[in-house]
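Participant: Next up is a structure, given as structure tokens.
The values are calculated or read from the model by the stated rules, or taken from the named source; none is laboratory data. This one's a predicted model, so the numbers in the text were calculated from it and none came from an experiment. Here Cβ is always computed from backbone atoms with ideal geometry, including for glycine, and neighbour counts include all displayed protein chains. Accessible surface areas use protein heavy atoms only, side chains included; no ligands, DNA or RNA. Shrake-Rupley method; radii C 1.70, N 1.55, O 1.52, S 1.80 Å.
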Amino acid sequence: MKQITVVSGKGGTGKTSITSALACVIKNKVIIDCDVDAANMYLVLTPKNIVEESYPGGRKAEIDYELCTNCGICMDLCRFDAIEYVDDKYKIIENSCDGCDLCMRACPVGAIKMKQGFSSTWFIAETRAGTMVHAKLGIGEDLSGKLVSLLREKAKEIAEKEKNDFILLDGPPGIGCPVIASVTGIDIAIIVTEPTQSGIHDLKRVVELTNNFKVENLVVINKFDLNLEMTKELEKHCKENNLEIIAKVPYDKIFVDSMVEAKTVVDYAPDSEITKIIREIGKRITSD
Amino acid sequence: MNFNKKIVIASGKGGTGKTTVAVNLFYAIRDFYNIPAQLIDCDVEEPNVNIFTKGILKEEKDVNIKIPVIDTDKCTYCGLCAEYCAYNAIVFVESMKHIAVMEDICKGCGACSYACKFDAITEKDYNLGKVQKFSIDNNSELVEGRLNIGSPFAVPVIKFAKKQENKNSLIIMDAPPGTSCPVIQTIDDADYIILVAEPTPFGLNDLKLMIETVKLVSKKIGVVINKAGIGSDEIYSYLKAENIEILMEIPFDKEIAKLYSDGKIIVKEKPEIKQMYIDMFEKIK
């Protein structure tokens, strides 16, 4: 079984549009939307959820003012700047609290307890492109990396049971926690970039990350015709760094048009040039 | 008029034009009112502001956390440090008298040092990234947070970058995409949040998530619709129903896209767009 993650570094390069289209041309796979804090794949694959479960959020400290003696030990010890002293009271800044428990453990009068933060929900769903595992991170929640790891465990269980050949992952933007969780232990990273200065900058950083995990990097230049000189620069960079460019996709309105119809570009325009390119990408990544 | 405000440019979805709006707002307002202004790039995973501002590096600081070092001569293998660690970053096998710190997942909270009663834990710096200051023209500066590649913890780098703020100036911050913790850290003390959205189903979906997120910190918000003309009109009826102001609409235009792709500043090339930014600022100041 091969695991393939679509990443980009920079947001908005077309990861989800391309991944969901690929989902329609690659056979025998499980799909995961790893962009748990701004998931979009469900909008074009219109999944029917068959399993829905909640996932507990991070814990936050809470002060019981009946017991608090205003000693301030908690604030002195907190390294996340999550406790402030205002209006003669120590207060937890929940958005900063990391749930490390230190204040709770250190409070000499037991006035601090930990409470559960907002919880997330994860789903196993049926789509016309196959089984999909996805999630909705609790608003403001901070455990996106852990949630991605959970989705990947679930997908792997399904893929093993169903004897699937592939797991196709739509990654989040950036290079941080949820991205690391999306590329650890995969076989192929498809890097969707665009011919902009930001696109090149971000491609370099995400490749440096995926190289830590010894994966095969394959590059897709999306909207390549929006700036042909910059596309040349991207091609030069890829050549110098042994990055294989597997496709150049032109800017085309049909990506947005298909999204408006809640379809992937393959469903919406099966005979289009774009669909042909998507099929070629699908062939390339499933060939070896 | 008091210009000393913190304006954050955010969006749930990536690639909607956050950095474009942050940089162009900065130049348009700074030059029109001739005021001190500072840009802070809080998108520490992929900081792109300096691609446009092309500032000259003047200062660099490491962002470190303190992580434990266990002295196995003093350690009694009581296991309390591992018990205190909420991140499972200390591997302890009592039967084998084995104890080790997993440095890459330690968040440096200090609970293990607090737990150890035998002075067996000291601490060392562990680098997560850096914060750099760049001079840009007309005595302005850019503060950029940059997360090390491979480090999962963006929040300390964002916090450190924000600590460099110059309160006696207009501050414009470029937020990371998404709706999770790095975004909350960026927006939590803003005076105003500009949400940049595109009128597509993905754009609307993520704008809704972002508006829910912003409700957590209850700030003043307004929306910039970028790439207006693509997608559908659904975003307009949503914003009307939610009673959220549309601050500006930037049409989808291949010429603007080309300027952006070359790392150029649009308000310096197109005076009519500069005027749009000045008009927008009138609505929020």
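Participant: Which part of the range A:64-105 falls in the paramagnetic zone of B:Glu83, meaning amide N under 17 Å from the point 7 Å along Cα-to-beta-carbon?
Facilitator: Backbone N within reach: A:101-105.
Participant: Follow-up question, since we're still on this one. Is the shape of the protein assembly as shown rounded, prolate or oblate, going by the alpha carbon gyration tensor and its root eigenvalues a ≥ b ≥ c, with a/c under 1.5 for rounded and a/b larger than b/c for prolate? Provide the component values of the computation, followed by the final result.
Facilitator: Numbers: a/c = 1.66, a/b = 1.19, b/c = 1.39.
Verdict is oblate for the protein assembly as shown.
Participant: Separate question: Residues in the range A:246-288 near a label at A:Asp165, defined as backbone nitrogen under 18 Å from the 7 Å Cα→Cβ point?
Facilitator: It comes to A:278-288, nothing else.
Participant: Over the Cα atoms of the range A:121-267, Rg to Rh with Kirkwood Rh, two decimal places?
Facilitator: Using Cα coordinates only, the ratio equals 0.98.
Participant: While we're looking at this one, here's another question. With an 8 Å Cα cut-off and a minimum separation of 6 or more residues, compute the relative contact order for the range B:1-89 in percent.
Facilitator: 16 percent
Participant: Then there is this: Between chains B and A, what is the buried accessible area summed over both chains (1.4 Å probe, protein heavy atoms, nearest 100 Å²)?
Facilitator: By this definition, chains B and A bury close to 5000 Å².
Participant: On to the next question. Give me the dipole magnitude in Debye, nearest 20, for the range B:72-119 about the Cα centre, with unit charges on the beta carbon: positive for Lys and Arg, negative for Asp and Glu.
Facilitator: 100 debye
Participant: Right, another one. Roughly what angle does helix B:18-33 make with the longest principal axis of chain B, taking Cα atoms, 0 to 90 degrees, to the nearest 10?
Facilitator: For B:18-33 against chain B, the angle is about 60 degrees.
Participant: Also, I was wondering about something else. Give the accessible area for B:Thr53 in Å² (nearest 10); use a 1.4 Å probe, count only protein heavy atoms, and leave out ligands, DNA and RNA.
Facilitator: So the heavy atoms of B:Thr53 present about 10 Å² to solvent.
Participant: Another question, if that's okay. Can you tell me what percent of all Cα-Cα pairs in the range B:72-119 are more than 16 Å apart? Display every interim value, and only then the final one.
Facilitator: Details: 349 of 1128 pairs.
Result for the distance tail: 31 percent.
Participant: Given R₀ = 41 Å, what would the calculated FRET efficiency be for A:His237 paired with B:Asn138, taking r from the Cβ atoms and rounding to 0.05?
Facilitator: Efficiency computed from Cβ-Cβ geometry: 0.80.
Participant: My understanding is that a pair violates if its Cα-Cα distance is over 22 Å; which of B:Lys130/B:Lys264; A:Lys223/B:Lys254; B:Lys159/B:Lys264; B:Lys227/B:Lys268 do that in this structure?
Facilitator: With Cα atoms farther than 22 Å apart: B:Lys130/B:Lys264; B:Lys159/B:Lys264.
Participant: Dipole size in debye (nearest 20) for chain A around its Cα centre, Lys and Arg Cβ +1, Asp and Glu Cβ -1?
Facilitator: Here the size comes out at about 720 debye.
Participant: Over the range A:123-185, what lengths in whole Å, largest first, do the semi-axes of the equivalent ellipsoid take, defined as the square roots of 5 times the eigenvalues of the alpha-carbon gyration tensor?
Facilitator: Equivalent ellipsoid of the range A:123-185: 21, 13, 10 Å, largest first.
Participant: Next up: Does any residue of the range A:1-27 lose at least 20 Å² of accessible area with all protein chains in place compared with its chain alone, and if so which ones (probe 1.4 Å)?
Facilitator: By number: A:Lys10, A:Gly11, A:Gly12.
Participant: Per residue in the range B:19-52, which ones lose no less than 30 Å² of accessible surface when going from chain alone to all protein chains (1.4 Å probe)?
Facilitator: Residues passing the criterion (a loss of at least 30 Å², heavy atoms only) are B:Glu45, B:Glu46, B:Asn48, B:Ile51.
Participant: Go ahead and run the numbers for FRET between B:Asp73 and B:Glu272, Cβ-Cβ distance against an R0 of 60 Å, rounding to 0.05.
Facilitator: After rounding, the FRET efficiency stands at 0.25.
Participant: Continuing with this model, one more query. Per residue, how large is the accessible surface of the protein assembly as shown? Use a 1.4 angstrom probe and give square angstrom.
Facilitator: Solvent-accessible surface per residue comes out at 41 Å².
Participant: Can you give the FRET efficiency for B:Glu59 and B:Asp279, using 1/(1 + (r/R0)^6), R0 = 41 Å, r = Cβ-Cβ distance, to the nearest 0.05?
Facilitator: The computed FRET efficiency comes out at 0.75.
Participant: Can you pull the one-decimal nm distance between simple spin-label points at B:Asp253 and A:Glu153, each 7 Å off the Cα toward Cβ?
Facilitator: Label-label distance for B:Asp253 and A:Glu153, simple model: 5.2 nm.
Participant: Between A:Ile167, A:Ile92, A:Ile191, find the one with the highest GNM mean-square fluctuation for chain A; connect C-alpha pairs within less than 10 Å.
Facilitator: A:Ile92
Participant: Name the most mobile residue of A:Gly72, A:Gly130, A:Gly14, meaning the one with the largest mean-square fluctuation, in a Gaussian network model of chain A with Cα contacts below 10 Å.
Facilitator: Taking springs between Cα atoms under 10 Å, the residue moving most is A:Gly72.
Participant: Once you've got the GNM for chain B with C-alpha springs shorter than 10 Å, pick whichever of B:Met96, B:Met248, B:Met210 has the biggest mean-square fluctuation.
Facilitator: Looking only at B:Met96, B:Met248, B:Met210, the biggest GNM fluctuation is shown by B:Met96.
Participant: Just want the answer: with Cβ charges of +1 for Lys and Arg and -1 for Asp and Glu, which residue in A:Met114, A:Ile186, B:Phe160 is farthest toward the dipole's positive end in the protein assembly as shown?
Facilitator: A:Ile186
Participant: Relative contact order, percent, of the range B:72-119 when contacts are C-alpha pairs under 8 Å separated by at least 6 residues?
Facilitator: Numbers: 52 pairs, mean separation 19.7, N = 48.
Result for the range B:72-119 is 41 percent.
Participant: Now for a different question. With a point put 7 Å past each Cα toward its Cβ, work out how far B:Lys163 is from A:Ser54 in nm, to one decimal.
Facilitator: 3.7 nm
Participant: For chain A, calculate the relative contact order in percent as a whole number, restricting contacts to Cα pairs under 8 Å that are 6 or more residues apart.
Facilitator: Reported relative contact order: 28 percent.
Participant: So, with +1 on the Cβ of K and R and -1 on the Cβ of D and E, and no other charges, what is the size of the charge dipole of the protein assembly as shown about its Cα centre, to the nearest 20 debye?
Facilitator: Approximately 280 debye in magnitude.
Participant: Show A:Arg284, B:Arg30, A:Arg79 ordered by accessible area, largest first, where the area counts protein heavy atoms only and the probe is 1.4 Å.
Facilitator: Reading off the accessible areas and sorting them downward yields A:Arg79, A:Arg284, B:Arg30.
Participant: How much solvent-accessible surface does A:His134 expose, in Å² to the nearest 10, with a 1.4 Å probe and all protein chains in place?
Facilitator: Answer for A:His134: close to 10 Å² accessible.
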